[in-house]
Amino acid sequence: MTDVKAEWPGVVSEIKVSVGDSVSQDDELVILESMKMLTPILSPASGTVSELPIEQGQYVDEGAVLVRLDS
Amino acid sequence: MVWQPEIDELNERKSLAYRLGGEERVQKHIENGKLTVRDRIVSLVDSDSFRERGVLAGKATYEDGKLSEFRPSNYVMGIASINGRRVMVGGDDFTVRGGAADGNVGDKKTHQERMALELRIPIIRLVDGTGGGGSVKTIEDIGRTYLPGGPGFWETADEAMAKVPVVAAAMGSVAGIGAARVAISHFSVIVKGTGQVFTAGPPVVERGLGMWVEKEELGGAEIHARGSGVCDNEAETEEDAFDQIKQFLSYLPANSWELPPRSTPNDDPERRDEELLSIIPRERRQPYDVRKLAAHIVDRDSIFEVGKYFGRSVVTLLARLDGYPVAVLGNDPLAVGGSLDTPGSEKMLKFIDLADTFNIPIINLVDQPGFMIGVEAEKAGVIKAGVRALQAIYQCDVPWSTIVVRRAYGVAGAGHQNHSNARWNYRVAWPSGDWGSLPIEGGVMAAYRRDIEASENPEQRRQEIEDKLNELRSPFRTAEAFNIEDIIDPRETRPLLSEWINDAYKVLASSQLGPKGRGMRA
């Protein structure tokens, strides 16, 4: 299990995967908007998306889990 | 042949020193994935260039006036060459007393630093000592305790930071003064898996805090090259660490009195890469790859990145331009929106001080949205770290050039050039330039609140004002007022900077160089 966390605060601009999706390392998982910049959050590993504890438009703190991967 | 017996004894004593801590300990050391200190030095420096100093130092036992046993000092050091340039190199021998200070004889470490300072050549420390400073065993040996500090390392370490390049590698578990010897450097690298750095190791942590933590979790590469910034870079292997040390030193002069060494240029100074015209997206919120951007400007394959995984919103690259070493600063829009946060500020400060100390001209590729905002950034003291970085900019006096590739906002944006004493910096912008005290989107409500709230349709009114202001946003209007020297075609960046760097090195060549009054803090 790998938790993909927000390394800095921001707003979830776009969620690019769904629960159950297979992803490869460096695939874009989420677009986080911080400081007026749309930053792609990349998958740190290959695996399956097991949980998405976020919603589009939601503010997330630094350290918040964005995506949970079974890897 | 008058002195042949003594020469025989000399050779015999040398061979005893070469045995290090003995076969068994050496074997165990190698099994742990580490090279011996002597193999490390040989692997790092030019072949046959190492001339050791102090090989005879050690703890001897005599029987009937004859040498019966010999334990060499656990610090091996001497003078050598790297790519034909002189360096002082030394390393702890972990196989003798775990590299701890009680296995040192005399003070070879300080001797090494004094020698480097006198000869004005770089210092390389290959650190591999548990409790590099003192061991409680010393108390038993000398029959008393002692006050920490005193003559030795600190005076020379501080002086060295201002005068000669200091490079350190963490190649084992290093604690106490060993950790300090890594941290007080211009460039440090930690070997993944076998290198750990901490003020005190797991047993001391357990005794003092009542918690057990594994050494890798306490001070491994993940902690110090990616979290704390105590180490600038991480290395996959010991050989990788040596390669990085060699690369780092290749951009630096031997000391702060000299100019950085020019390499034979390998690239056309007039090269105009088409990619630069499209590298910045038109949509302001879209990021891009700043490392790629830099690579299109500097000489082909000339980049060495320092501190890639720490303070990631700031990118610090050593590179060459028309063969001349340059220090390239950039903002990475892919990390923290490119904003200046506390780690980024710390990284920027150290890099500018490094460049200033060793006379390396600075190129700043600016895309600065401002200081990081929010609760966490405030808790981390962003404004204090930020102003310290800005002070570093204003205190440095190496030639400085600024290319505003996109944003320059706020107080952090103001730190894009060294404008002290109204000095001239080469400063131009790309057509994507976008700047101000604060961004229009955020500033409209604050500045026009009354106007907007009095309107029948506040949202429409806000949009009207924003649109009107956005029309004024073109960087050409700034250039009309000569608030910037020029707006340039991005493809012209390399030819223009190549011209500038040639001029900059001429200025440096006719300047009085030497250590800066401010010294240099690690």
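The values are calculated or read from the model by the stated rules, or taken from the named source; none is laboratory data. What you are looking at is a predicted structure, and each value in this text was computed from that prediction instead of being measured. So basically every Cβ, Gly included, is an ideal-geometry build from the backbone, and we count neighbours across all protein chains shown. Heads up: the accessible areas ignore ligands, DNA and RNA and are worked out on the full protein's heavy atoms, side chains in. Shrake-Rupley method; radii C 1.70, N 1.55, O 1.52, S 1.80 Å.
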Practice problem: Under 6 Å between Cβ atoms, at least 6 apart or on separate chains: pull out the pairs that start in the stretch B:222-237 with a residue that is small (Gly, Ala, Ser) and end on any residue that is open to solvent by 60 Å² or more (accessible area, probe 1.4 Å). | Solution: B:225/B:309
Exercise. Could you check, for the stretch B:385-396, whether at least one of its residues is surrounded by fewer than 22 Cβ atoms within 10 Å (Cβ to Cβ), touching a residue at least 60 places away in the same chain (Cβ under 8 Å) and out of contact with any helix residue (DSSP H, G or I) (no Cβ under 6 Å at 6 or more places or on another chain)?
Key: yes
Quiz item: Given B:330, B:337, B:311, which one is within 11 Å of chain A (Cβ to nearest Cβ) and of a type outside the set (Ser, Thr, Tyr)?
Solution: B:337
Practice problem: Within the stretch A:4-27, count every residue that is more than 29 Å from residue B:343 (Cα to Cα) and either assigned to a loop (DSSP other than H, G, I, E, B) or basic (Lys, Arg) (or both). | Solution: 7
Quiz prompt | Looking only at the stretch B:398-414, and only at residues there that are without any contact (Cβ under 8 Å) to a residue 60 or more places away in the chain and outside any strand (DSSP E or B), the one that is least open to solvent (accessible area, probe 1.4 Å) | solution = B:413
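Based on what the data block shows, is residue A:32 closer than 25 Å to residue B:407 by Cα and at pLDDT 95 or above?
Considered against the rule, which asks whether it is closer than 25 Å to residue B:407 by Cα and at pLDDT 95 or above, residue A:32 comes out as yes.
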Quiz prompt | Scope the stretch B:476-522; condition among the small types (Gly, Ala, Ser), surrounded by fewer than 16 Cβ atoms within 10 Å (Cβ to Cβ) and under 30 Å from residue B:166 (Cα atoms); matching residues | solution = B:509, B:510, B:511, B:514, B:517, B:519
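Residues that are surrounded by fewer than 17 Cβ atoms within 10 Å (Cβ to Cβ), more than 21 Å from residue B:141 (Cβ to Cβ) and of a type outside the set (Val, Ile, Thr): does the stretch B:86-104 have at least one?
There is at least one residue in the stretch B:86-104 that is surrounded by fewer than 17 Cβ atoms within 10 Å (Cβ to Cβ), more than 21 Å from residue B:141 (Cβ to Cβ) and of a type outside the set (Val, Ile, Thr).
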Self-check item: Only listed residue being at pLDDT 95 or above, open to solvent by less than 10 Å² (accessible area, probe 1.4 Å) and out of contact with any Phe, Trp or Tyr (no Cβ under 8 Å at 6 or more places or on another chain), chosen from B:191, B:230, B:213
Solution: B:191
Quiz item: Any idea which residue in the stretch B:265-282 is nearest to residue B:498 (Cα to Cα), counting only those that are open to solvent by less than 80 Å² (accessible area, probe 1.4 Å) and within 14 Å of chain A (Cβ to nearest Cβ)?
Solution: B:280
Exercise. Run residue B:262 past the list (1) crowded, with 22+ Cβ neighbours inside 10 Å; (2) in contact with a Phe, Trp or Tyr (Cβ under 9 Å, 6 or more places away or on another chain) and report the number of the one that doesn't hold.
Key: (1)
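Quick one: count up the residues across the stretch B:369-378 that are more than 10 Å from chain A (Cβ to nearest Cβ) and either buried (at least 24 other Cβ atoms within 10 Å of the Cβ) or basic (Lys, Arg) (or both).
First pass over the stretch B:369-378, keeping only residues more than 10 Å from chain A (Cβ to nearest Cβ): B:378.
So of that shortlist, the ones also either buried (at least 24 other Cβ atoms within 10 Å of the Cβ) or basic (Lys, Arg) (or both) come out as none.
Matching residues across the stretch B:369-378 total 0.
Show me the helices (runs of 4 or more DSSP H) found entirely inside the stretch B:1-77 where at least 3 residues are outside the structural domain of residue B:92 (by TED's automatic domain parsing) and loosely packed, with under 13 Cβ neighbours inside 10 Å. Quick ask: steps written out before the conclusion?
Working: elements: B:4-18, B:23-31, B:37-44.
Here the list reads B:4-18.
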Quiz prompt | Residues satisfying the stated conditions in the stretch A:15-39, i.e. acidic (Asp, Glu) and within 12 Å of chain B (Cβ to nearest Cβ) | solution = A:28, A:33
Quiz item: Applying the selection to the stretch B:69-112, what residues are charged (D, E, K, R), over 21 Å from residue B:260 (Cα atoms) and touching a residue at least 24 places away in the same chain (Cβ under 8 Å)?
Solution: B:71, B:92, B:93, B:97, B:102, B:107, B:108, B:109
